[in-house]
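Report on the following structure.
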Amino acid sequence: METVFTKLMNIRHPIVLAPMAGGPSSPALAAAVSNEGGLGFLGGNYLAPTALREEIQKTKQLTTKPFGVNLFVPSYPASPTAREMQEMLDFTNELRRKLGINPLSDVPPTKDNFAEQVQIILEEKPAAFSFVFGSLSESIIQKFKDHGIKVIGTASSFDEASQLQDAGVDAICLQGFEGGGHRGVFPTNPDQELPLRTLLESILGKIRLPLIAAGGLMTGQDIKDVLNRGASAAQLGTAFLLAKEAGTSKPYREALLSKNRQTEITTAFSGRRARGLVNHYMKEFKAKQKNPLPFPIQNTLTGDIRRKATEMGISDFISLWAGTHVTEIRPMDAHELMQTLVREMES
């Protein structure tokens with residue numbers, strides 16, 4: 001099914017893999033989606049520069065088709081007060097004791113690798129580069145384009161999409177409120193919490209770039225619906241979490257198939273609004289009315305808790321990012337799921 005986006009990226013199907021940084025992302029998953037005619041993506045934000053290069057090169061070994069790499073626009077929040085840091089240290093140290101982790105006396109530092117990561121992407125030249133959490137300067141975007149890399153920004157409102165268009169991106173991913181994982185809202189903007197189809201309607205005819213619809217899409221019928229509504233491609237993440245190629249951990253996989261699969265928006269794990277399956281950590285954070293440290297400081301602070309809980313197979317203390325239609329998830333490998341989506345889309 002040819003669209004403006006499939007022609008832009010030289011792919012067969014208007015299906016984009018959500019980057020899903022921090023676990024589910026893997027070269028095998030990105031390559032599988034690309035090999036089946038979609039646009040695979042690596043979530044590169046949490047990778048050290050050397051690891052990012054290795055992931056890109058592994059993906060190149062697994063596919064000769066186009067794929068992309070995603071990063072977060074760097075955040076430079078105001079430093080939290082000593083009292084704010086101590087309150088969150090006390091809260092998270094309670095959880096560390098439960099998991100047998102030594103309590104922390106201070107908040108760990110957060111390293112900013114963005115400049116080095118950008119340089120590696122420019123050198124490795126994947127087909128696409130996408131980013132979330134704001135816009136980038138026209139000069140940085142142009143640098144990617146000068147290297148033959150298509151640039152995709154992420155927007156959750158018309159104003160954000162307009163800023164991205166003015167900055168010179170090649171396409172825009174529209175993230176509806178139903179989507180799993182972090183909200184891509186620009187740091188100075190309020191979250192308008194627009195459902196995907198409302199967001200699409202508010203932008204159609206006003207933005208001249210190809211639009212990628214994202215948020216709660218799970219089936220080929222979902223893809224066809226957003227294409228009929230004016231999108232040029234659809235981005236799916238939650239749908240691929242159970243694929244054998246995904247780096248989804250065992251407790252995460254078990255939670256995705258559990259009976260109680262309610263999702264909520266939380267700031268508990270990272271300090272940024274993100275949608276995931278409700279678990280004990282989220283409930284306790286909410287009940288105690290805790291205020292997180294800003295992103296990415298909170299994300300760094302809770303990292304050891306999430307890693308230890310994953311090692312122990314305990315899903316109650318890890319971030320279980322998932323979209324609102326998670327109950328429609330299908331335990332298929334990525335190749336089979338892609339083929340199924342295409343059949344459903346074309347039927």
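The values are calculated or read from the model by the stated rules, or taken from the named source; none is laboratory data. All values derive from a computational prediction rather than experimental measurement. Every residue, glycine among them, receives a Cβ derived from its backbone with ideal geometry; neighbour counts consider all protein chains shown. The accessibility values were calculated without ligands, DNA or RNA, using every heavy atom of the protein model including side chains. Shrake-Rupley method; radii C 1.70, N 1.55, O 1.52, S 1.80 Å.
Key figures for this structure:
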read-out: Top-ranked residue of the stretch 25-39 - restricted to ones that are open to solvent by 10 Å² or more (accessible area, probe 1.4 Å) and of a type outside the set (D, E), ranked as farthest from T238 (Cα to Cα); value: N35
read-out: Considering residues of the stretch 238-281 that are among the charged types (D, E, K, R) and over 20 Å from F72 (Cβ atoms) only, the residue farthest from the chain's Cα centre (by Cα); value: K259
read-out: Among the candidates T6, T64, T81, residue that is touching a helix residue (DSSP H, G or I) at 6+ places or on another chain (Cβ under 9 Å) and either under 23 Å from I141 (Cα atoms) or open to solvent by 10 Å² or more (accessible area, probe 1.4 Å) (or both); value: T64
read-out: Filtered residues of the stretch 230-241 (kept if in contact with a helix residue (DSSP H, G or I) (Cβ under 8 Å, 6 or more places away or on another chain) and either among the charged types (D, E, K, R) or open to solvent by 20 Å² or more (accessible area, probe 1.4 Å) (or both)); value: G230
read-out: Filter result for E193 (at positive phi, surrounded by fewer than 22 Cβ atoms within 10 Å (Cβ to Cβ), among the acidic types (D, E) and not in a helix (DSSP H, G or I)); value: yes
read-out: Residue selected from the stretch 150-190 under the condition part of a helix (DSSP H, G or I) and of a type in the set (A, V, I, L, M), by the criterion farthest from T267 (Cα to Cα); value: A167
read-out: Exclusive hit being in contact (Cβ under 8 Å) with a residue 60 or more places away in the chain, open to solvent by 10 Å² or more (accessible area, probe 1.4 Å), in contact with a Pro (Cβ under 8 Å, 6 or more places away or on another chain) and among the β-branched types (V, I, T), set I265, I318, I297; value: I297
read-out: Candidate set: the stretch 268-279, residues that are within 17 Å of G216 (Cα to Cα) and in a loop (DSSP other than H, G, I, E, B); chosen: the one least open to solvent (accessible area, probe 1.4 Å); value: V278
read-out: Subset of the stretch 71-113 [closer than 30 Å to A128 by Cβ and either at pLDDT below 95 or in a loop (DSSP other than H, G, I, E, B) (or both)]; value: V73, P74, S75, Y76, P77, T110, K111, D112, N113
read-out: Residue within the stretch 280-289 that is in a loop (DSSP other than H, G, I, E, B), modelled with pLDDT under 95 and of a type outside the set (S, T, Y) present; value: yes
read-out: Search result, residues across the stretch 245-262 that are in contact (Cβ under 8 Å) with a residue 60 or more places away in the chain and loosely packed, with under 15 Cβ neighbours inside 10 Å; value: K250, E254, L257
read-out: Breaking point among (1) of a type in the set (G, A, S); (2) closer than 30 Å to A78 by Cβ; (3) modelled with pLDDT under 95, for G303; value: (3)
read-out: Cβ pairs under 6 Å, 6+ apart, first in the stretch 140-168 and under 19 Å from L196 (Cα atoms), second among the β-branched types (V, I, T) and part of a helix (DSSP H, G or I); value: F158/I203; A161/I203
read-out: Hey, L227 part of a helix (DSSP H, G or I) and open to solvent by less than 10 Å² (accessible area, probe 1.4 Å) or not; value: no
read-out: Considering residues of the stretch 40-59 that are among the charged types (D, E, K, R) and in contact with a helix residue (DSSP H, G or I) (Cβ under 8 Å, 6 or more places away or on another chain) only, the residue surrounded by the most Cβ atoms within 10 Å (Cβ to Cβ); value: E55
